[in-house]
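Colleague: Structure provided below as structure tokens; questions to follow.
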Amino acid sequence: APGGILRGILAVVLVVSAVWPGYIAFKFGAAPGISPTRIVYWGLVLLWLFWLAASPTLRVHLFAQWGRFKVLHVAFAIYFLWLLVTALASENTFASIYYLVKLLLGAYIFYLIVLSVLRNADDVERLVTWIVVAAALVSLIGIAEGFRKANLFSALFPRDAEQAEALAWIVLDKTRGGAYRVASTFTHPLAMAEYLTMCLPLAAYLFVNG
């Protein structure tokens, strides 16, 4: 039953991607940086691709779901074409197209995974629950940071001087008007505020529906 396993890993991805700081990755030589978020995300993607090829049931469900939201997918296509036109018209065409593919590919694959493994309202509510759990954990980390008045993850920063220098701005003083502004697992306090603001309606939905 690939759907059940994929739904479980999807929940792990949602929690880990929020709780683990995106700016901390461990590099070994010339290899790309490794972090818990990337490991669980790419594990999910690879398993999904394998089961998409191996499971007719998963393919049928994905195509059925995809067909139910034609207007949304047409909007996606128009949005992508607009971004492609602006990338082609930019001064740095190849860099713009590379950034465009990097930006959209990961997000759209993740969307297709969600579309292919969620079967009904109960699955959606479980997913929303995990998102709210992740937001609660991020808030607890933020509370601890507020008491300490310092980044809690600085000990995990890379030992390499060049990499550490690139992260130096994250641990800079974030006070404004004498008040310390919490960033929790995010690079900036406003990024955390935006994240929690998006999670509030989901928490309210769970609260209202029990």
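Colleague: Could you tell me whether region 66-78 includes any residue that is touching a residue at least 60 places away in the same chain (Cβ under 8 Å) and among the aliphatic types (A, V, I, L, M)?
Modeller: Here is the first cut: in region 66-78, the ones touching a residue at least 60 places away in the same chain (Cβ under 8 Å) are none.
No, every residue in region 66-78 fails to be touching a residue at least 60 places away in the same chain (Cβ under 8 Å) and among the aliphatic types (A, V, I, L, M).
Colleague: Within the bounds of region 26-38, is there any residue that is touching a residue at least 60 places away in the same chain (Cβ under 8 Å), assigned to a helix (DSSP H, G or I) and within 15 Å of the chain's Cα centre (by Cα)?
Modeller: Keep residues of region 26-38 that are touching a residue at least 60 places away in the same chain (Cβ under 8 Å), which gives 26-27.
Then drop every residue that is not assigned to a helix (DSSP H, G or I), which leaves none.
No, there is no match, as no residue in region 26-38 is touching a residue at least 60 places away in the same chain (Cβ under 8 Å), assigned to a helix (DSSP H, G or I) and within 15 Å of the chain's Cα centre (by Cα).
Colleague: State the number of residues belonging to region 35-51 that are of a type in the set (A, V, I, L, M), open to solvent by less than 40 Å² (accessible area, probe 1.4 Å) and under 14 Å from Leu115 (Cα atoms).
Modeller: Of the residues in that region, 2 qualify.
Colleague: Return the total of residues in region 8-25 being at pLDDT 90 or above, in a loop (DSSP other than H, G, I, E, B) and open to solvent by 30 Å² or more (accessible area, probe 1.4 Å). Walk me through how you get there before you give the answer.
Modeller: Keep residues of region 8-25 that are at pLDDT 90 or above, which gives 8-21.
Okay, now just the ones that are also in a loop (DSSP other than H, G, I, E, B), so 20-21.
Add one more test, that the residue is open to solvent by 30 Å² or more (accessible area, probe 1.4 Å), and what stays is 20.
Residues in region 8-25 being at pLDDT 90 or above, in a loop (DSSP other than H, G, I, E, B) and open to solvent by 30 Å² or more (accessible area, probe 1.4 Å): 1 in total.
Colleague: Additional query: Need at least 3 residues that are touching a residue at least 12 places away in the same chain (Cβ under 8 Å) and surrounded by 15 or more Cβ atoms within 10 Å (Cβ to Cβ) per element, so show me which helices (runs of 4 or more DSSP H) inside region 87-202 make the cut, counting only ones lying wholly within it. Walk me through how you get there before you give the answer.
Modeller: Working: elements: 93-117, 121-148, 161-166.
Helices (runs of 4 or more DSSP H) meeting the threshold: 93-117, 121-148.
The values are calculated or read from the model by the stated rules, or taken from the named source; none is laboratory data. Bear in mind that the values here come from a model prediction, so they are computed numbers and not experimental data. Please note: Cβ atoms are built from the backbone with ideal geometry, for glycine as well, and neighbour counts cover all protein chains shown. These area figures cover heavy atoms from the full protein model, side chains too; ligands, DNA and RNA do not enter into them. Shrake-Rupley method; radii C 1.70, N 1.55, O 1.52, S 1.80 Å.
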